[in-house]
Amino acid sequence: MKRTKLLAVSAVSLVLISTTALAEITFRNVISGEPLDMSVAKSGGNAEAFKQLKETGKNPYNGDKAAIQKGHDLYMPACSGCHGHEAEGKLGPGLADDYWTYPSAAKDQGLFEILFGGANGMMGPQYVNLSTDEMLLIMSWVRDIYKGDPKKAKWLK
Ligand code: HEC
């Protein structure tokens, strides 16, 4: 390849790489597919963690012991009444096994979309009570207590 052409190709790839890194994920309602209105989000906590979810689709709190503990403390009042104390399922489905009504929940982006935007019936949008940071903390606990097939732990991939 000629030097000029090579330069042009690398310039194009650089632009592509940087726009990919900057592009933020559009979160969508799991039922309607409509973009979620993130302007109603409660801020507070560690804004950097949520920024990382927006950029990578991954929850930076996964595996972080302190975050998981906080997530558990938040899960108890916010979710356990419907999903059970061990997330074994009650009014709402179990969250610790590898069966998902919404397969997108096996990834952090999808799990967040269900928490933030809600799903059907009693699973209302959680942004009313929880900040985006608190949702990420709860999500890290849900991943921590996972008892399903390790191969189906898509959020790790
Ligand atoms: C008032 C009861 C109620 C509360 C509170 C509640 N949920 Fe739910 N949740 C449900 C029900 C019912 C469903 C099933 C909805 C559906 O199938 O669309 C559900 C569905 C879900 C799903 C989808 C599961 C799957 O298999 O795809 C997730 C994830 C979830 N809830 C997480 C949470 C978390 C985390 C909290 C706390 C922040 C929470 N929910 C609070 C009742 C509740």
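Things to note:
- Total residues in the range 24-42, condition outside any loop (DSSP other than H, G, I, E, B) and under 16 Å from the mean Cα position of the chain (by Cα): 4
- Taken over the range 101-127, the criterion of being under 17 Å from the mean Cα position of the chain (by Cα), within 6 Å of the ligand (Cβ to nearest atom) and either aliphatic (A, V, I, L, M) or surrounded by fewer than 19 Cβ atoms within 10 Å (Cβ to Cβ) (or both) is satisfied by Thr101, Tyr102, Ala105, Leu111, Ile114, Leu115, Ala119, Met123.
- Lone qualifier among Tyr102, Tyr127, Tyr75 - being farther than 23 Å from Gly44 by Cα and either at pLDDT 95 or above or of a type outside the set (S, T, N, Q) (or both): Tyr102
Listed here are the residues, each with its yes/no results for (1) assigned to a loop (DSSP other than H, G, I, E, B); (2) in contact with a Ser or Thr (Cβ under 9 Å, 6 or more places away or on another chain); (3) under 13 Å from Ile138 (Cα atoms); (4) basic (Lys, Arg).
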residue: Leu74; (1), (2), (3), (4): no, no, yes, no
residue: Gly81; (1), (2), (3), (4): no, no, no, no
residue: Glu88; (1), (2), (3), (4): yes, no, no, no
residue: Gly92; (1), (2), (3), (4): yes, no, no, no
residue: Ala96; (1), (2), (3), (4): yes, no, yes, no
residue: Trp100; (1), (2), (3), (4): yes, no, no, no
residue: Gly110; (1), (2), (3), (4): no, yes, no, no
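- Selection of the range 54-76 for residues being away from the ligand (no atom under 14 Å from the Cβ) and hydroxyl-bearing (Ser, Thr, Tyr) yields only Thr56.
- Each residue in the range 83-100 was checked for being among the small types (Gly, Ala, Ser), surrounded by fewer than 17 Cβ atoms within 10 Å (Cβ to Cβ) and out of contact with any helix residue (DSSP H, G or I) (no Cβ under 9 Å at 6 or more places or on another chain), and 0 of them qualify.
- Of all residues in the range 87-100 being within 6 Å of the ligand (Cβ to nearest atom) and touching a residue at least 24 places away in the same chain (Cβ under 8 Å), the one that is nearest to Met123 (Cα to Cα): Gly92
The values are calculated or read from the model by the stated rules, or taken from the named source; none is laboratory data. Source: prediction; values computed, not measured. We place every Cβ from the backbone using ideal geometry, glycine too, and count neighbours over all the protein chains shown.
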